[in-house]
Amino acid sequence: LLFGKLTGFIPNILCMILSLCLTLMGLNVLNMIFDLDLDRINKPNRPLPTNRISTPWAFGLSAALISIGILISGLIHIYLILVVATLILTFLIYTHPKVYFKKYLFSSPFFGGIFYGLIPILATSIILPQIDTTFSIIYILMIVPIASLKDIEDIPGETIHGIKSIPQIIGKQKTIKLAKFVLIFIIAILFVLSVFNFYPILFIIPILFALAIIKKTFTAQQKEDYTTITTQARLVTKATLAINIIFLMFGITAFLII
(Lines give C-alpha, C1' and ligand atoms only; values in the text may rest on other atoms or scores of the structure.)
Protein backbone atom coordinates (compact mmCIF):
# COMPACT_ATOMS: atom_id res chain seq x y z
CA LEU A 1 0.00 0.00 0.00
CA LEU A 2 2.81 2.40 0.94
CA PHE A 3 4.67 1.56 -2.28
CA GLY A 4 1.52 2.24 -4.28
CA LYS A 5 1.10 5.67 -2.68
CA LEU A 6 4.72 6.58 -3.29
CA THR A 7 4.66 5.51 -6.94
CA GLY A 8 1.63 7.74 -7.47
CA PHE A 9 2.94 10.67 -5.44
CA ILE A 10 6.59 10.88 -6.53
CA PRO A 11 6.01 11.39 -10.30
CA ASN A 12 3.48 14.15 -9.58
CA ILE A 13 5.75 15.96 -7.11
CA LEU A 14 8.73 15.72 -9.49
CA CYS A 15 6.67 17.08 -12.39
CA MET A 16 5.36 19.86 -10.14
CA ILE A 17 8.92 20.81 -9.19
CA LEU A 18 9.96 20.72 -12.86
CA SER A 19 7.01 22.94 -13.81
CA LEU A 20 7.85 25.56 -11.17
CA CYS A 21 11.58 25.44 -11.94
CA LEU A 22 11.08 25.97 -15.67
CA THR A 23 8.59 28.80 -15.05
CA LEU A 24 10.94 30.49 -12.59
CA MET A 25 13.85 30.09 -15.00
CA GLY A 26 11.81 31.77 -17.73
CA LEU A 27 10.75 34.57 -15.38
CA ASN A 28 14.33 35.12 -14.24
CA VAL A 29 15.42 35.46 -17.87
CA LEU A 30 12.63 38.02 -18.28
CA ASN A 31 13.88 39.80 -15.16
CA MET A 32 17.37 40.01 -16.65
CA ILE A 33 15.88 41.76 -19.69
CA PHE A 34 13.94 44.23 -17.55
CA ASP A 35 16.95 44.85 -15.27
CA LEU A 36 19.60 45.06 -17.98
CA ASP A 37 20.73 48.53 -16.87
CA LEU A 38 21.10 47.27 -13.30
CA ASP A 39 23.04 44.20 -14.41
CA ARG A 40 25.48 46.36 -16.36
CA ILE A 41 26.52 47.69 -12.93
CA ASN A 42 25.90 44.77 -10.57
CA LYS A 43 26.56 41.72 -12.78
CA PRO A 44 28.37 42.86 -15.95
CA ASN A 45 29.49 39.30 -16.74
CA ARG A 46 25.97 38.06 -17.45
CA PRO A 47 25.13 37.07 -21.06
CA LEU A 48 22.98 40.14 -21.85
CA PRO A 49 25.37 42.85 -20.60
CA THR A 50 28.26 41.17 -22.44
CA ASN A 51 26.14 40.78 -25.63
CA ARG A 52 26.75 37.02 -25.69
CA ILE A 53 23.01 36.70 -26.37
CA SER A 54 20.58 39.26 -27.80
CA THR A 55 17.45 40.60 -26.11
CA PRO A 56 15.08 38.99 -28.70
CA TRP A 57 16.78 35.64 -28.17
CA ALA A 58 16.38 36.04 -24.39
CA PHE A 59 12.66 36.86 -24.86
CA GLY A 60 12.25 33.71 -26.94
CA LEU A 61 14.01 31.58 -24.34
CA SER A 62 11.88 33.08 -21.58
CA ALA A 63 8.65 32.43 -23.48
CA ALA A 64 9.67 28.83 -24.24
CA LEU A 65 10.57 28.01 -20.62
CA ILE A 66 7.38 29.57 -19.23
CA SER A 67 5.21 27.84 -21.84
CA ILE A 68 6.71 24.42 -21.07
CA GLY A 69 6.26 25.05 -17.35
CA ILE A 70 2.57 25.89 -17.86
CA LEU A 71 2.09 22.85 -20.12
CA ILE A 72 3.57 20.47 -17.54
CA SER A 73 1.44 22.00 -14.77
CA GLY A 74 -1.69 21.39 -16.85
CA LEU A 75 -0.80 17.73 -17.24
CA ILE A 76 -0.70 17.34 -13.45
CA HIS A 77 -3.74 19.28 -12.22
CA ILE A 78 -5.90 22.12 -13.50
CA TYR A 79 -5.42 24.02 -10.23
CA LEU A 80 -1.66 23.92 -10.66
CA ILE A 81 -2.09 26.09 -13.76
CA LEU A 82 -3.69 28.70 -11.50
CA VAL A 83 -0.73 28.52 -9.11
CA VAL A 84 1.74 28.96 -11.98
CA ALA A 85 -0.38 31.84 -13.33
CA THR A 86 -0.27 33.46 -9.88
CA LEU A 87 3.51 33.10 -9.87
CA ILE A 88 3.77 34.78 -13.28
CA LEU A 89 1.40 37.62 -12.31
CA THR A 90 3.14 38.42 -9.01
CA PHE A 91 6.54 38.21 -10.69
CA LEU A 92 5.46 40.75 -13.31
CA ILE A 93 4.07 43.05 -10.59
CA TYR A 94 7.45 42.86 -8.88
CA THR A 95 9.74 43.33 -11.86
CA HIS A 96 7.91 44.77 -14.90
CA PRO A 97 9.07 48.36 -15.62
CA LYS A 98 5.46 49.62 -15.84
CA VAL A 99 4.75 48.54 -12.25
CA TYR A 100 8.14 47.71 -10.70
CA PHE A 101 7.24 47.08 -7.07
CA LYS A 102 10.89 46.06 -6.73
CA LYS A 103 11.80 49.71 -6.09
CA TYR A 104 9.97 49.80 -2.75
CA LEU A 105 11.52 48.96 0.61
CA PHE A 106 10.62 45.48 1.93
CA SER A 107 9.30 44.43 -1.49
CA SER A 108 12.14 41.97 -2.02
CA PRO A 109 11.54 39.89 1.14
CA PHE A 110 7.75 40.13 0.65
CA PHE A 111 7.74 38.96 -2.96
CA GLY A 112 10.59 36.52 -2.32
CA GLY A 113 8.39 34.89 0.30
CA ILE A 114 5.68 34.56 -2.35
CA PHE A 115 7.91 33.25 -5.18
CA TYR A 116 9.97 30.76 -3.21
CA GLY A 117 7.75 30.08 -0.18
CA LEU A 118 4.01 30.51 -0.78
CA ILE A 119 3.94 29.32 -4.41
CA PRO A 120 5.75 26.00 -3.72
CA ILE A 121 3.50 25.44 -0.70
CA LEU A 122 0.34 26.06 -2.73
CA ALA A 123 1.58 23.76 -5.49
CA THR A 124 2.48 21.01 -3.02
CA SER A 125 -0.89 21.29 -1.26
CA ILE A 126 -2.61 20.37 -4.54
CA ILE A 127 -0.76 17.06 -4.65
CA LEU A 128 -0.54 16.59 -0.87
CA PRO A 129 -3.70 18.16 0.64
CA GLN A 130 -2.83 17.12 4.22
CA ILE A 131 0.20 19.41 4.35
CA ASP A 132 0.57 21.05 7.79
CA THR A 133 -0.56 24.70 7.77
CA THR A 134 1.67 25.80 10.65
CA PHE A 135 4.78 24.36 9.05
CA SER A 136 3.81 25.95 5.75
CA ILE A 137 3.72 29.37 7.40
CA ILE A 138 7.03 28.73 9.13
CA TYR A 139 8.61 27.70 5.82
CA ILE A 140 7.45 30.93 4.16
CA LEU A 141 8.73 33.01 7.11
CA MET A 142 12.14 31.36 6.81
CA ILE A 143 12.33 32.16 3.10
CA VAL A 144 11.67 35.88 3.73
CA PRO A 145 15.06 36.74 5.32
CA ILE A 146 16.87 34.75 2.61
CA ALA A 147 15.26 37.04 0.02
CA SER A 148 16.72 40.04 1.85
CA LEU A 149 20.20 38.55 1.47
CA LYS A 150 19.74 38.63 -2.31
CA ASP A 151 19.68 42.45 -2.21
CA ILE A 152 23.24 42.66 -0.85
CA GLU A 153 24.82 41.88 -4.22
CA ASP A 154 22.68 44.52 -5.96
CA ILE A 155 23.43 47.51 -3.71
CA PRO A 156 25.57 49.52 -6.20
CA GLY A 157 23.11 49.47 -9.11
CA GLU A 158 19.98 49.76 -6.96
CA THR A 159 21.39 52.78 -5.15
CA ILE A 160 22.02 54.55 -8.46
CA HIS A 161 18.53 53.69 -9.78
CA GLY A 162 16.70 54.68 -6.59
CA ILE A 163 15.65 51.18 -5.55
CA LYS A 164 15.30 50.79 -1.77
CA SER A 165 16.41 47.70 0.15
CA ILE A 166 17.22 46.58 3.67
CA PRO A 167 20.98 46.14 3.01
CA GLN A 168 21.19 49.76 1.86
CA ILE A 169 19.82 50.90 5.22
CA ILE A 170 21.61 48.64 7.70
CA GLY A 171 24.57 47.38 5.62
CA LYS A 172 25.77 44.00 4.38
CA GLN A 173 27.00 42.45 7.62
CA LYS A 174 23.98 43.53 9.65
CA THR A 175 21.66 42.11 6.97
CA ILE A 176 23.46 38.76 7.20
CA LYS A 177 23.30 38.82 11.01
CA LEU A 178 19.60 39.77 10.94
CA ALA A 179 18.77 36.91 8.56
CA LYS A 180 20.68 34.45 10.74
CA PHE A 181 18.93 35.73 13.88
CA VAL A 182 15.46 35.43 12.31
CA LEU A 183 16.11 31.86 11.17
CA ILE A 184 17.44 30.80 14.58
CA PHE A 185 14.51 32.53 16.29
CA ILE A 186 12.01 30.60 14.17
CA ILE A 187 13.78 27.31 14.88
CA ALA A 188 13.75 28.21 18.59
CA ILE A 189 9.96 28.62 18.39
CA LEU A 190 9.71 25.13 16.90
CA PHE A 191 11.84 23.85 19.78
CA VAL A 192 9.47 25.37 22.35
CA LEU A 193 6.43 23.96 20.55
CA SER A 194 8.02 20.51 20.58
CA VAL A 195 8.90 20.74 24.28
CA PHE A 196 5.28 21.61 25.08
CA ASN A 197 4.01 18.76 22.87
CA PHE A 198 2.44 20.95 20.21
CA TYR A 199 4.67 18.89 17.91
CA PRO A 200 6.10 15.42 18.67
CA ILE A 201 9.07 15.60 21.03
CA LEU A 202 11.22 13.76 18.46
CA PHE A 203 11.12 16.92 16.34
CA ILE A 204 13.88 18.17 18.65
CA ILE A 205 16.31 15.99 16.67
CA PRO A 206 15.85 17.78 13.30
CA ILE A 207 15.65 21.08 15.22
CA LEU A 208 19.16 20.56 16.61
CA PHE A 209 20.42 19.62 13.14
CA ALA A 210 18.69 22.74 11.77
CA LEU A 211 20.56 25.00 14.20
CA ALA A 212 23.87 23.41 13.21
CA ILE A 213 23.08 23.78 9.49
CA ILE A 214 22.16 27.46 9.86
CA LYS A 215 25.29 28.22 11.89
CA LYS A 216 27.50 26.44 9.36
CA THR A 217 25.83 28.12 6.36
CA PHE A 218 26.32 31.65 7.64
CA THR A 219 29.75 31.19 9.26
CA ALA A 220 31.33 29.94 6.05
CA GLN A 221 30.17 32.88 3.88
CA GLN A 222 31.04 36.00 5.89
CA LYS A 223 33.82 37.10 3.50
CA GLU A 224 32.20 36.42 0.13
CA ASP A 225 33.24 38.79 -2.67
CA TYR A 226 29.98 40.26 -3.99
CA THR A 227 31.68 42.13 -6.85
CA THR A 228 32.41 38.96 -8.87
CA ILE A 229 28.89 37.44 -8.88
CA THR A 230 27.34 36.34 -12.18
CA THR A 231 24.23 34.47 -11.04
CA GLN A 232 23.68 35.03 -7.31
CA ALA A 233 25.67 35.02 -4.07
CA ARG A 234 26.79 31.64 -2.73
CA LEU A 235 25.29 32.60 0.63
CA VAL A 236 21.82 32.98 -0.94
CA THR A 237 22.11 29.63 -2.73
CA LYS A 238 23.40 27.77 0.31
CA ALA A 239 20.90 29.38 2.69
CA THR A 240 18.00 28.45 0.40
CA LEU A 241 19.33 24.90 0.12
CA ALA A 242 19.75 24.77 3.91
CA ILE A 243 16.10 25.76 4.50
CA ASN A 244 14.89 23.03 2.15
CA ILE A 245 17.15 20.41 3.75
CA ILE A 246 15.83 21.41 7.17
CA PHE A 247 12.22 20.99 6.12
CA LEU A 248 13.02 17.72 4.37
CA MET A 249 14.34 16.46 7.71
CA PHE A 250 11.12 17.58 9.41
CA GLY A 251 9.12 15.81 6.72
CA ILE A 252 11.06 12.57 7.09
CA THR A 253 10.71 12.74 10.88
CA ALA A 254 6.96 13.30 10.61
CA PHE A 255 6.64 10.43 8.11
CA LEU A 256 8.45 8.04 10.47
CA ILE A 257 6.59 8.88 13.67
CA ILE A 258 3.07 9.80 12.57
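The values are calculated or read from the model by the stated rules, or taken from the named source; none is laboratory data. All figures in this text were calculated on a predicted structure; none of them were measured in a lab. Methodologically, a virtual Cβ is constructed for each residue, glycine included, from the backbone with ideal geometry; neighbour enumeration extends over all protein chains shown. What goes into the accessible areas is simple: the full protein's heavy atoms, side chains included, and nothing from ligands, DNA or RNA. Shrake-Rupley method; radii C 1.70, N 1.55, O 1.52, S 1.80 Å.
If the condition is being outside any helix (DSSP H, G or I) and loosely packed, with under 13 Cβ neighbours inside 10 Å, then the range 52-81 contributes ARG52, SER54. Residues in the range 24-45 that are part of a loop (DSSP other than H, G, I, E, B) and closer than 22 Å to LEU87 by Cβ: ASP35 only. On the basis of being in contact with a helix residue (DSSP H, G or I) (Cβ under 8 Å, 6 or more places away or on another chain), open to solvent by less than 30 Å² (accessible area, probe 1.4 Å) and at pLDDT 95 or above, does LEU38 make the cut? No, not satisfied. In the condition set (1) over 30 Å from LEU248 (Cα atoms); (2) in contact with a helix residue (DSSP H, G or I) (Cβ under 9 Å, 6 or more places away or on another chain); (3) at pLDDT 95 or above, GLY60 is compliant with all but (2).
Conditions (1) of a type in the set (Asp, Glu); (2) open to solvent by less than 10 Å² (accessible area, probe 1.4 Å); (3) not in a helix (DSSP H, G or I), marked per residue:
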position	(1), (2), (3)
GLU158	yes, yes, no
ILE176	no, yes, no
LYS215	no, no, no
THR230	no, no, yes
ASN244	no, no, no
LEU248	no, no, no
LEU256	no, no, no
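Only one of the numbered conditions (1) farther than 27 Å from ALA239 by Cα; (2) in contact with a helix residue (DSSP H, G or I) (Cβ under 9 Å, 6 or more places away or on another chain); (3) small (Gly, Ala, Ser) is violated by SER54, and that is (2). Scanning the range 232-242 for residues that are more than 17 Å from ALA188 (Cα to Cα) and open to solvent by less than 80 Å² (accessible area, probe 1.4 Å) gives GLN232, ALA233, LEU235, VAL236, THR237, ALA239, THR240.
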